[in-house]
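Take this structure, written in structure tokens, and hold onto it; I'll ask about it next.
The values are calculated or read from the model by the stated rules, or taken from the named source; none is laboratory data. Remember, it's a predicted structure, so these values are computed and weren't measured experimentally. Don't worry about glycine lacking a Cβ; one is built from the backbone with ideal geometry, like all the others, and counts go over all protein chains shown. Heavy atoms of the whole protein, side chains included, go into the accessibility calculation; ligands, DNA and RNA do not. Shrake-Rupley method; radii C 1.70, N 1.55, O 1.52, S 1.80 Å.
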Amino acid sequence: MTIEWRYTAERDLGVLSVSGYLGPEAVRRFEGAVGWAVGRGTGPVIVDLTGLRGWSAEGQLAITEAARRLAAAGRGLELAAIPADGSLVPGGDHPAIPVHADLAGALAAHSTRHGEPPEGRHEWRTTGWPGESGV
């Protein structure tokens with residue numbers, strides 16, 4: 001089982017939505033999605049895990065490595081709606097990872113309203129993103 005993802009870049013903020021299961025077989029795909037976000041946006045990246053059914057230890061490690069990668073690019077990583085089966089506890093050598101209860105709360109922390117298309121919004125997604133055709 002793998003993941004599907006959608007990345008939305010807005011002015012000074014990115015949202016990387018992930019669905020499926022972030023297990024060992026999905027880590028490379030997640031790393032690719034993070035690379036997409038690094039190359040196509042500015043500001044912090046909110047990783048929206050609303051559609052994630054669960055994650056493994058390798059998946060959690062991939063999240064902390066993504067935080068390190070984004071920090072190296074001068075950007076932060078935040079999480080929205082972590083799976084109920086565990087919490088993310090990054091090691092002391094990783095950047096802090098703010099966790100929000102849901103995407104609406106994460107966007108509110110950045111004064112952005114979910115569902116309102118801001119000017120300059122761009123979106124990319126995998127072909128298997130639920131309910132939509134991909135690019």
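Assess whether L88 counts as being more than 19 Å from Y7 (Cα to Cα), modelled with pLDDT under 95 and open to solvent by less than 50 Å² (accessible area, probe 1.4 Å).
yes
Continuing with the same structure: Identify the single condition in (1) at pLDDT 90 or above; (2) out of contact with any helix residue (DSSP H, G or I) (no Cβ under 9 Å at 6 or more places or on another chain); (3) open to solvent by 50 Å² or more (accessible area, probe 1.4 Å); (4) within 22 Å of E10 (Cβ to Cβ) that A67 does not satisfy, given that it satisfies every other one.
(3)
Name the single residue that is farthest from T127 (Cα to Cα) among those in the range 10-61 being open to solvent by less than 10 Å² (accessible area, probe 1.4 Å) and in a helix (DSSP H, G or I).
G59
Given the structure, is E10 among the acidic types (D, E), within 19 Å of A81 (Cβ to Cβ) and out of contact with any strand residue (DSSP E or B) (no Cβ under 6 Å at 6 or more places or on another chain)?
yes
Each row is one residue, and each column tells you yes or no for (1) more than 19 Å from E25 (Cα to Cα); (2) modelled with pLDDT under 80; (3) in contact with a Cys (Cβ under 8 Å, 6 or more places away or on another chain); (4) hydroxyl-bearing (S, T, Y).
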site	(1), (2), (3), (4)
R53	no, no, no, no
G92	yes, yes, no, no
A106	yes, no, no, no
R113	yes, yes, no, no
E119	yes, yes, no, no
